[in-house]
Amino acid sequence: MKFNFYIAFFAFLFFNVNTFAQQIDSVNIGANNVVDVYAKDSLTGKKNNEITKIDTIIKPMAIFTELSEKYKDSLLFKWKYNAHDLMVSDEFVDTTIINSSFNIPGRANQSFYHDLGNMGSPQEDGFFFHRNTSEQFFVVPYYNQLKSIDKVEFFNTKRPYSEFSYSSRGGKRVKGQTVSIKHTQNITPDLNFGVDYDVISSIGYYARQKTKSERFGSNLSYVKENYRAHFAYNFNKFSNQENGGIVNDRFITDTVVDRSENIPVNLSEALSLTKCSDIVLSQSYILSRKKEKLTDSLYVLEKEPLFDFGYTFGFKKSGRKYTDKKGTDETFYSNQFLNKAESVDSMGVKTLYHRLKIQIYGDSYGIPMRASIIGGVDNDKYYNFTSDSYLSGNNAYSSSGMFLKGAVSFPYKQFLANFSGKINAGGLRAGDTEWNGRLRWNFNLLNTDWETQVKANVATKSADLYYQQYSSNHFKWNNNFDRENTINIYGSVKSDKLKFMVSGYYSQIDGFMFFDAKGPNQFDSSLGVFGFRAKKNFALGIFRADILGDVQISSDESVLSLPLLSTTTRLYIDTFLDFPTTKGHMDLQFGVETMFATEYYAPAYNPAIGVFYNQREKKFGNYPWVDAFLNVKVKRLVFYMKYSHFNNFFSPDNYFSTLHNPTPKATLTYGFIWRFYN
């Protein structure tokens, strides 16, 4: 791992030294050394026998109607692109240091989470309403770490931007390291290229817990006036040793073991390998007309969009392989259907899809309107081994389906209204429907800007093929699940100035699908889930307090168990040091973070099929995890240090995140983030 780190580090420096020495052509630098890649010449024209200045060019992002022009003078901005809906959403570029020491993949914005006690291991979001349900069930535990098209960050930079980070966790026996490299730059003012590579490698604190994950992403974006194109390729590889948890929790709660790796575990030679990749090319073109607009007694010639035509081609592949060269007795796995000596089980899905979109721009009684129609075709191919495969030789299942989606949007001053509907035909999702509505209102109250919004979603969803049928050495099922019918309601109020947000959630689910110890199951009644989230950042001088709290209530704890209350609290000092002699400046943050959840039936993890599942064996909770942290920023270098779970020295030994999977004891993590953008 050290060898790979040094190679990556020096290659990164060499690349940046050469890159930063170059200048992009056609870039104008203003009086304040602010780079403006969008500066264009203007023309003069006549209107009513008067000479006026007419801007005949619309800046590239102005025709990007889903983004605001607020970024036009920024050195760097980024956005995300929904390749399925061909829609753009802007993203905030975070260069602060508060999240530096909270760099567990998928961890920073969660109040709490479940994992197997090691970096790079499967995770589940503890907040029910943020859990992913769109991926295959064996991919979901890695979703928070996954690089995928819906997470790709596209940039537009007036100067190259790079970021290199490294962290080390634990001592030699449990060594864990992370390396991350990111680079993006504009090849021309309209064409941007980006690449992103991450590696996580960790031995773990308990026996048979080693993890290694590699994630790579690359992207291209071209945005010029009426045309825009996005390309992205992502590859993810997660390699884990599977130990099945410790044999008995008493080795943690009641017994003192000299070294944690000596605690016996259930599986001694089990391994899992999960791979996910996708590639997408999306293009769109806007037909527009020139329209004169009077501004400050000047006539400005603007481009008014009329029609937006878009097309997306994508391919996605995901798969998982579980192997165990040593047979297991029936105390851990109840069944050995194929081979008692060893297990080799695989599952995988390939999807080829097309999207075609037509969007119309107009207005109704002075209110702007956008209406769009999206048609899509999905071709799925499953690896579907069954007992009949021995005779037929056929272990694949193919499905082709299509959908039609309509949407309308009304952005008007401080209001925004969106409505959409989707109907599926053919394939595994034939007959599935989805209806969405969203209302947003921005207003000012007591000299403070507020945003409030309400969302509603009504959907019917068929079970995926792997929920219906699956065959392996330890698990086999052939279900006939009904559709899952869901009503989701969401509302929120927030103020960026006050750093305050409160949101409420409610879901009513008929035919809720979940996993238990035997495999997938379906609740035969209606399940109601209520959630409430509040977030507030307090500041008093140099003292800071960031508080995130969740309340969750499930109508049936036997099907879905959630903690009634969970919180993440950060108490810290935010200050700086100046060095007059050297004219240096250093930003400092140091404090503690506490994560807590009330008692509930935390999930268990099934290594053979790679899912978290509902268990009724034991409750966990009412245990705080307390970390001490330090963040130091000098120019573009951030150094951080965190002593995790230091309360382990004086707290009860009941630190479990999932059934039979304890979290690490007190652990030191240190690392740095180095940014380049000049």
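The values are calculated or read from the model by the stated rules, or taken from the named source; none is laboratory data. Worth saying up front: this structure is predicted, and the values here are computed from it rather than measured. As a convention, Cβ positions derive from the backbone with ideal geometry for all residues, glycine included, and neighbour counts pool all protein chains shown. The area values use the complete protein model at the heavy-atom level, side chains included, leaving out ligands, DNA and RNA. Shrake-Rupley method; radii C 1.70, N 1.55, O 1.52, S 1.80 Å.
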Practice item. Skip the ligands, DNA and RNA, and give the accessible area per residue of region 502-559 with a 1.4 Å probe, whole Å². Key: 47 Å²
Review point. Between Ile373 and Phe443, what is the FRET efficiency for a Förster distance of 22 Å, r being their Cβ-Cβ separation, to the nearest 0.05?
Key: 0.10
Review point. By the scheme Lys and Arg +1, Asp and Glu -1, what is the net charge of all other residues having a beta-carbon under 14 Å from that of Lys381?
Key: 0
Review point. Just how far, in whole angstrom, is region 309-350 from region 399-454 if you go by their alpha carbon centroids?
Key: 36 Å
Exercise for review: Between Leu577 and Lys381, with labels modelled 7 Å along Cα→Cβ, what's the label distance in nm to one decimal, could you check?
Suggested key: 6.1 nm
Practice item. State the Cα centre-to-centre distance between region 261-289 and region 180-210 in whole Å. Key: 13 Å
Check your understanding: Can you pull out the GluC sites (Glu not before Pro) in region 200-297 that DSSP calls coil and that have at most 11 other Cβ atoms within 10 Å?
Key -> none
Check your understanding: What residues have an amide H closer than 5 Å to that of Leu564, excluding those fewer than 5 places away on the same chain, when H is modeled at 1.01 Å from N in the peptide plane?
Key -> Thr598
Practice item. Taking the Cα centre of region 317-446 as origin, work out the dipole magnitude from +1 charges on Lys and Arg Cβ and -1 charges on Asp and Glu Cβ, in debye rounded to 20. Key: 640 debye
Check your understanding: Loop-only check: which GluC sites (Glu not before Pro) in region 583-678 are DSSP coil with at most 16 other Cβ within 10 angstrom?
Key -> Glu599, Glu617
Exercise for review: Could you size up the charge dipole of region 230-274 around its Cα centre, putting +1 on the beta carbon of Lys and Arg and -1 on that of Asp and Glu, and report it in debye to the nearest 20?
Suggested key: 200 debye
Review point. Would you list Phe523, Phe251 from the most to the least accessible area, probe 1.4 Å?
Key: Phe251, Phe523
Practice item. For region 439-450, just list the computed ³J(HN,Hα) in residue order, Karplus coefficients 6.51, -1.76 and 1.60, θ = phi - 60°, integers in Hz, with x standing in for Gly and Pro. Key: 10, 10, 9, 9, 8, 10, 9, 6, 6, 10, 7, 10
Check your understanding: Among the trypsin sites (Lys or Arg not before Pro) within region 400-451, which fall in a DSSP loop and have no more than 14 other Cβ atoms within 10 Å of their own Cβ?
Key -> Lys413
Exercise for review: Using the Karplus curve 6.51 cos²θ - 1.76 cosθ + 1.60 with θ = phi - 60°, work out ³J(HN,Hα) for each residue of region 158-165 in order, rounded to whole Hz, and write x for Gly and Pro.
Suggested key: 8, 9, x, 10, 9, 8, 10, 9
